[in-house]
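What follows is a single structure, written as structure tokens, with notes after it.
The values are calculated or read from the model by the stated rules, or taken from the named source; none is laboratory data. What you see is a predicted model, and the numbers here were worked out from it, not measured in a lab. Note that each Cβ is placed from the backbone with ideal geometry, even for glycine, and that neighbours are counted across all protein chains shown. When the accessible area is computed, the model is the full protein with side chains, heavy atoms only, and any ligands, DNA or RNA have been set aside. Shrake-Rupley method; radii C 1.70, N 1.55, O 1.52, S 1.80 Å.
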Amino acid sequence: MTGLSTAARMQRLGTETAFEVLAHAEALARQGKDIINLGIGQPDFKTPQHIVEAAIRALREGHHGYTPAPGIPVLREAVSADLQTRHGVQVDPDRVVVVPGGKVTMNFAITMFGEPGVEILYPNPGFPIYESMINFSGATAVPYALLEEEGFAFDAPALLALVNDNTRLIILNSPANPTGGVVPKAVVEELVEGLLRFPNVAILSDEIYSCMLFDGQQHVSLLQYPELAERVIMLDGWSKTYAMTGWRLGYAVWPEALVEHATRLAVNCHSCVNASAQYAGLAALQGDQTAVVEMVQAFDARRSVVVEGLNAIDGVSCQMPGGAFYVFPNVTATGQTSKSLQERLLEKDGVATIAGTSFGAYGEGYLRISYASSLENIKTALQRIRASIDAL
Ligand code: PLP
């Protein structure tokens, strides 16, 4: 114990259990236990070589100093061009703010809008940092449920019914972590139309998995609705699409009126993003996209194996997710809580998964399994999970 007293808000800060499970799994592996990690949410592929080379080249060419806080102009322009190609939208590069990872945009948006007396709506189950940061800001975190029977998409009228005069921000995420759910276009449009009744509510649309879609689906971006342009913050980045989680590189498109706030937060927080990482990001956007296509194809093949394998286990049922690289099987019929099953699978069977409750209360009865691992590992893990649940 020390006599130090930290700010009260530190008591309200949550965490992301995936990092704790990763540390635990690595500790068990160091003790010699054979661990298959299906807990972590990052591609198991390496960053494509031409991207790595671009970063090395940038360092060799002397890009060692600070850059403009919102990012180097060529990168902001390349992001704008990429959004035109992928989503068919015209975005002024001045609205693009490059940050060290997708999470930073989340932090900035919630910091910008959250304070006591304010309500912020967020998906549950959902990425745990949403709820954590809302609580930290002093705002009230209001969950909206993502239900299995709705393919883990939100129900637009139910979401809109939660909006009141205190609501300042709504957080959306599709394709979603932890469920792999994708919100159908018709549901997005129902929400967009409903939001016209609430002109003072901002939207943070987390589209970090926008390139990870299966079955020929087209991503629906909130940027495609000009009627919301003055209040949509669109979060995306390089981490998942280009297997660049460790580079710490992301961006957001901000409404014009918020760019200055976002830039000022950047100046107060990290000054600018690592210069060589920005040149790597530029090469990623402008270079050959084959590696991205191949990665998504590999995820697609694994998705079928993991869903089929889980559904073959008594007590487990698993929907086919439309995007990202997660499945969210229902394990209620095993009679175990999510947490106890997570612990059993890790400690007894050497398979790291994440309890659904790590993503909010509505995650009880589910596990998150990441299939960003080799097919061989996935098959072995499925055998172990099956044997473990059969033995209950
Ligand atoms: N948003 C979602 C939904 C995520 O799942 C993640 C990472 O897991 C992030 C944002 C954060 O991405 P980054 O690693 O670029 O900060």
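A single entry from 324, 301 fulfils the requirement of being among the aliphatic types (A, V, I, L, M) and on the phi < 0 side of the Ramachandran plot: 301. Against the conditions (1) crowded, with 19+ Cβ neighbours inside 10 Å; (2) more than 16 Å from the ligand (Cβ to nearest atom); (3) free of Cβ contacts under 8 Å to residues at least 40 places away in the same chain; (4) not hydroxyl-bearing (Ser, Thr, Tyr), residue 87 satisfies every one except (3). Only a single item in (1) open to solvent by 20 Å² or more (accessible area, probe 1.4 Å); (2) in a helix (DSSP H, G or I); (3) closer than 30 Å to residue 355 by Cβ is not met by residue 108, and it is number (1). Restricting the range 2-55 to residues that are β-branched (Val, Ile, Thr) and within 16 Å of the ligand (Cβ to nearest atom), which is nearest to residue 180 (Cα to Cα)? Among those that are β-branched (Val, Ile, Thr) and within 16 Å of the ligand (Cβ to nearest atom), it is 40. Only one entry in 137, 80 is small (Gly, Ala, Ser), in contact with a helix residue (DSSP H, G or I) (Cβ under 6 Å, 6 or more places away or on another chain), closer than 24 Å to residue 282 by Cβ and in the same structural domain as residue 231 (by TED's automatic domain parsing), namely 80. Pairs are defined by a Cβ separation below 9 Å, a sequence spacing of at least 6 or placement on different chains, a first member in the range 46-62 that is outside the structural domain of residue 281 (by TED's automatic domain parsing) and within 12 Å of residue 275 (Cβ to Cβ), and a second member that is open to solvent by 40 Å² or more (accessible area, probe 1.4 Å) and of a type in the set (D, E, K, R); no pair meets this definition.
Every residue, every condition in (1) farther than 30 Å from residue 320 by Cβ; (2) away from the ligand (no atom under 16 Å from the Cβ); (3) among the hydrophobic types (A, V, I, L, M, F, W, C), yes or no:
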{"position": "209", "(1), (2), (3)": "no, no, no"}
{"position": "219", "(1), (2), (3)": "no, no, no"}
{"position": "229", "(1), (2), (3)": "yes, yes, yes"}
{"position": "240", "(1), (2), (3)": "no, no, no"}
{"position": "243", "(1), (2), (3)": "no, no, yes"}
{"position": "251", "(1), (2), (3)": "yes, no, no"}
{"position": "262", "(1), (2), (3)": "yes, no, yes"}
{"position": "275", "(1), (2), (3)": "yes, yes, yes"}
{"position": "282", "(1), (2), (3)": "yes, yes, yes"}
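How many residues are part of a loop (DSSP other than H, G, I, E, B) and either under 13 Å from residue 107 (Cα atoms) or more than 15 Å from the chain's Cα centre (by Cα) (or both) when one looks only at the range 119-145? Summing the residues that are part of a loop (DSSP other than H, G, I, E, B) and either under 13 Å from residue 107 (Cα atoms) or more than 15 Å from the chain's Cα centre (by Cα) (or both) in the range 119-145 gives 3. In the range 332-345, is there at least one residue being surrounded by fewer than 22 Cβ atoms within 10 Å (Cβ to Cβ), at negative phi, away from the ligand (no atom under 16 Å from the Cβ) and not in a helix (DSSP H, G or I)? Yes, because at least one residue in the range 332-345 is surrounded by fewer than 22 Cβ atoms within 10 Å (Cβ to Cβ), at negative phi, away from the ligand (no atom under 16 Å from the Cβ) and not in a helix (DSSP H, G or I). Inside the range 22-35, can you point out the residues that are closer than 16 Å to residue 369 by Cβ and either under 22 Å from the mean Cα position of the chain (by Cα) or open to solvent by 50 Å² or more (accessible area, probe 1.4 Å) (or both)? Selection gives 22, 25.
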